[in-house]
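Peer 1: Can you keep this structure in mind? I'll have questions shortly.
The values are calculated or read from the model by the stated rules, or taken from the named source; none is laboratory data. Please read these numbers as outputs of a predicted model, since none were measured by experiment. Heads up, the Cβs are rebuilt from the backbone with ideal geometry, glycines too, and the neighbour counts pull from every protein chain shown.
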């Protein structure tokens, strides 16, 4: 499961902190309770908050990372806006994030994702590759607004830099309707040898849903 959480999109930062702790706590519970469940998250800032405000939970996450049940993805400090910030700003996001993940978890993420940025700059593959990212998952531009291949494709910019990219045509939330989403997108992705479909409650925090997880297993 990959998690998208905007810590200051819907709340003041205290609310974002609360949702971060709740999401990570529930995810840790899931990882410990369900064998084979793997949680992914990519924002170093949120790990910093957990480390500071709930150190016991942070130690649980460290243990889960070592066991392979919690995956450090992305490598950036925060999922940023890609339209307005400068290239140097993006590079520094990765510089700060990758230093943090290397220091605390011994991890250097190679797969990045950004579910809620409203577009991407043409030269972004060069930034990704320069920051050690080889694979990239995103949601916008949305399905129906810009033609892209279904499934994974090679994204190359004019510098010659290239990443394996994939748009999440199914977007990033199910909000309790995972069965309906599967009915639609299993057909949409039928030609792919491996199918990736996101489930969860989007950027509202709270972690994975036990009810939807049971429905997925069924």
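Peer 1: Could you run through segment 52-78 and say how many residues are closer than 19 Å to residue 22 by Cα and in a loop (DSSP other than H, G, I, E, B)?
Peer 2: The qualifying residues number 3.
Peer 1: Another question, if that's okay. Which of the residues belonging to segment 29-54 are closer than 17 Å to residue 199 by Cα and surrounded by fewer than 22 Cβ atoms within 10 Å (Cβ to Cβ)?
Peer 2: Listed by number, the residues that qualify are 30, 34, 36, 37, 38, 40.
Peer 1: Being under 15 Å from residue 171 (Cβ atoms) and either part of a loop (DSSP other than H, G, I, E, B) or at pLDDT 85 or above (or both) is the filter here, so list the residues in segment 196-218 that pass it.
Peer 2: 196, 197, 198, 199, 200
Peer 1: I'd like to verify a number: residues in segment 1-39 that are in contact with a strand residue (DSSP E or B) (Cβ under 7 Å, 6 or more places away or on another chain) and without any contact (Cβ under 8 Å) to a residue 60 or more places away in the chain, how many?
Peer 2: The qualifying residues number 2.
Peer 1: Could you check segment 23-45 and list, in sequence order, the residues that are within 19 Å of residue 210 (Cβ to Cβ), touching a helix residue (DSSP H, G or I) at 6+ places or on another chain (Cβ under 7 Å) and not in a loop (DSSP other than H, G, I, E, B)?
Peer 2: Across segment 23-45, the qualifying residues are 24, 25, 28, 31, 39.
Peer 1: A further question follows. Could you check how many residues of segment 134-180 are crowded, with 17+ Cβ neighbours inside 10 Å and at pLDDT below 85?
Peer 2: Number of matching residues: 5.
Peer 1: Could you grab me the full set of residues in segment 159-174 that are assigned to a loop (DSSP other than H, G, I, E, B) and within 17 Å of the chain's Cα centre (by Cα)?
Peer 2: Passing the criteria: 168, 169, 170, 171, 172, 174.
Peer 1: A further question on this structure: Out of (1) modelled with pLDDT of 95 or more; (2) in contact with a helix residue (DSSP H, G or I) (Cβ under 7 Å, 6 or more places away or on another chain); (3) over 24 Å from residue 93 (Cα atoms), what's the single condition that is false for residue 67?
Peer 2: (2)
Peer 1: Right, next: If I go through segment 1-22 residue by residue, how many of them are part of a helix (DSSP H, G or I) and in contact with a helix residue (DSSP H, G or I) (Cβ under 8 Å, 6 or more places away or on another chain)? Outline the logic, then answer.
Peer 2: Narrowing segment 1-22 to residues part of a helix (DSSP H, G or I): 13-22.
From what is left, the residues that are in contact with a helix residue (DSSP H, G or I) (Cβ under 8 Å, 6 or more places away or on another chain) are 17, 19-21.
Matching residues across segment 1-22 total 4.
Peer 1: Another question, if that's okay. Just the residues that are within 16 Å of the chain's Cα centre (by Cα) and either more than 21 Å from residue 128 (Cα to Cα) or exposed (fewer than 14 other Cβ atoms within 10 Å of the Cβ) (or both), please, taken from segment 55-80.
Peer 2: Once the filter is applied, which keeps residues that are within 16 Å of the chain's Cα centre (by Cα) and either more than 21 Å from residue 128 (Cα to Cα) or exposed (fewer than 14 other Cβ atoms within 10 Å of the Cβ) (or both), segment 55-80 yields 65, 69, 70.
Peer 1: Another question, then. Enumerate the pairs (first residue in segment 203-216 and at negative phi; second residue anywhere and at pLDDT below 65) with beta-carbon separation below 6 Å, excluding pairs fewer than 6 apart on the same chain, so at least 6 apart or on different chains.
Peer 2: Qualifying pairs under 6 Å: 208/1.
Peer 1: Next question. Take residues that are farther than 15 Å from residue 75 by Cα and under 19 Å from the mean Cα position of the chain (by Cα) and tell me which of the strands (runs of 3 or more DSSP E) falling wholly in segment 98-158 contain 2 or more.
Peer 2: 152-156
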